[in-house]
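Engineer: Dropping the structure in here first, questions after.
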Amino acid sequence: MRRTMVILALALLLAVPYVSPVTYAEPDVGDTLLVDYGNGTATWYPMTTSGGTLLSAVEDVLDINSVPCTDDGTSLTSVGGVYNRIVGTQECSWRFYIWDSYAWIYGATDGSEKYAGGTLAVAYYPTEDILPVSTPFYTGSWTSFRGDSSGSAVSGSYGPVEAATPLEWSLNVSTGGIYSSILAADGLVYYITGGDYYGTGVNRNPHLYCVDTVNHEVAWKFGYSISQSAGSSEYELNTPVVIGDMIVVTSSNRHVFCLDRYEGKVLAEMVPEGEKAQYAGVFNTFEYAYGTVSGAVSSKGAGTAVYDSGALYFTTSDGVLHAVSVMHSGGSAVFDELWRYPSSGSGTCSAAPSVMELGDRKVIVTAGNNGTIMCLDQKDGSLVSSFDVELGVYGLCKVIPAGNRKVIAMADDGAMIPLNGCTVAVDLGNASVLWKADVFPYMHSVPTIVGNTIYTYLEPSVSGTGAQLPDKNGNMTDAEPGYYALSLDDGHWIWKKPSDARTRSGMTYCDGRLYCVDYSTLAEWPVGGAARCLDAETGDIVWSVRLEPGSNTAYNMCAPTVLDGKVYVGNDDGTLYCISDIPGKERHSTSDADYESEGLAHWSWLLLFSVATLTAVVAVIMYRK
């Protein structure tokens, strides 16, 4: 019921309605169908019938839109090539949900029920307690690192046609920089700050923030301790992950927290065996195996997690990849480890794992700092393939799925300013290197792959000065700093736009455009301190906008999140920016809203509504009882 009132409040406060050209659905355009793949990707379709059964109505829509599906007579067994699947001991399956005007309610797994009209969802989750994140009020969502379980950095929504100035709004906090991806769902934005190196008390600690995008204020925040094994210079770099009404934080202090994403209430905590919970005795506490760390690691504790097929996947700095179930249980949550690989750690660490198709199976791809790519079966964590990419002195930084068994591996020597680095295309099917280029995206920038094109900011490593890349005719040309579109087939450049902006965070692709932010500060304007939009076909700048208010010492290291005509970016002085085609004055539905920045403020919105609206809410409460 709490969730229903929050969504109602957000919907009524929206000042400007929208219809996304990519993710379909505004309530007044008619009944719609949401297909939620349970991994951060979802698609909306118009309903094409008002009769028959739930199953036949959904299958009619999928057939018209050329989405393959199968059924067992009463339930869907696959949609879009995603089949009911067992991970460990847990089964993930397709479920029906019904929109009751304000929230999703679980319908039935039996599709033989009559369909009499209305908006539906079919969603791929292990239990009916996990509800779809996208709603008709907010069709788009960005639920994990780079958007989905494969880390694609591709948004199915739309961005602003132009960027208005002053920027629509910004918000600054005092607990360090924003290094994580910025998540968004139901009109709420989530991000983690790394902790303020120069701060004292709670300001020194990382914090998870929930921001209300209507009033542009903090709805709630959750702080936790810095890495227990780290030095005082450590920052939190992880991105949380949204799972239905929950948000999960994997932290550098080795603890994993599950919170109610509307209130910020902690529901469960998972800790290394024998270690005391940060919030012992307050809620459910679970243990997991954590081995001795040996050798160099790129991060401490638990790394960024992704969610796919009903399981949470993350690596820990002892070199283990964990698959964990996360379930609601009354007013708390339950963690249950489904499998881990290997059973004891090897002392290497990696970036966020990626989920991809490999033949007829789903696999988890992870990369160690020793230059090894591992491909694990999603079902039980068994090793499908493991091989070394011959990178010399380099360590492996990040692996991006590229379709058709291919991945792109970005590597460097681990230095702040790399002396050695390269980009490698690998065929996972036969463990072969397809091509290699001795250039590297500056400071671990991660590419975005759309179809057969790789979009990235490239800068030759220091020792790679004079490195070359082929053009479309096979002629070798000097690699220079700038934005590139590269062919996935052989690495030749399709277009390049020289720039010294040093885009560290990578690009986000949305509706034929690329969005990125300069790593360089405002002191280097107009080369630095800007958010930019590029045409994906040509590389031409569509618009660029100065990130103000800002400072000459604030660097930008998180990739843009693009949803519903908004672009969200952050910098390392703790400022969140919202860029749109709406000029910068705050849009409040009232000028005297009483808002609590330390707790969930959504309840106070109800005081703003008329008696008629309150009556409607009461009617919904009684209906759902």
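Engineer: Which whole-number value in Å² is the accessible area per residue of region 300-346, probe 1.4 Å?
Structural biologist: 24
Engineer: Leaving out ligands, DNA and RNA, and with a 1.4 Å probe, what % of the accessible surface on region 456-533 is carbon or sulfur?
Structural biologist: 46
Engineer: R0 = 25 Å: FRET efficiency of Asp360 with Glu287, Cβ-based, nearest 0.05?
Structural biologist: Efficiency, from the Cβ-Cβ distance: 0.10.
Engineer: Working only with C-alpha atoms, what are the Rg and Dmax values of region 50-102, expressed in angstrom?
Structural biologist: Here Rg and the maximum Cα pair distance are 12.6, 39 Å.
Engineer: Sorting check: for 137-147, 64-74, which peptide has the highest mean count of neighbouring beta carbons within 10 Å, and how do the rest follow?
Structural biologist: The peptides rank, most packed first, as 137-147, 64-74.
Engineer: Between Lys276 and Asp581, what length comes free when the chain is fully extended (0.36 nm per residue of separation minus the Cα-Cα distance, one decimal in nm)?
Structural biologist: Gain on extension, Lys276 to Asp581, equals 104.9 nm.
Engineer: Hey, can you grab everything whose amide H is under 5 Å from the amide H of Ala402? Only 5+ residues off in sequence or another chain; H modelled, so Pro and N-termini drop out.
Structural biologist: Those qualifying (amide H under 5 Å, at least 5 residues apart or on another chain) are Val407, Ile408.
Engineer: Taking a ≥ b ≥ c as the square roots of the eigenvalues of the Cα gyration tensor of region 124-269, is the shape rounded (a/c under 1.5), prolate (a/b larger than b/c) or oblate?
Structural biologist: Cα axes put region 124-269 in the oblate bin.
Engineer: At 1.4 Å probe radius, can you tell me the per residue accessible area of region 471-592 in Å²?
Structural biologist: Using a 1.4 Å probe on heavy atoms only, each residue of region 471-592 averages 40 Å².
The values are calculated or read from the model by the stated rules, or taken from the named source; none is laboratory data. Keep in mind it's a predicted model, so treat the numbers as computed, not measured. Positions of Cβ are backbone-derived with ideal geometry, glycine not excepted, and every protein chain shown enters the neighbour counts. Ligands, DNA and RNA are stripped out before the accessible areas are found, and what is left, the full protein with its side chains, is counted by its heavy atoms. Shrake-Rupley method; radii C 1.70, N 1.55, O 1.52, S 1.80 Å.
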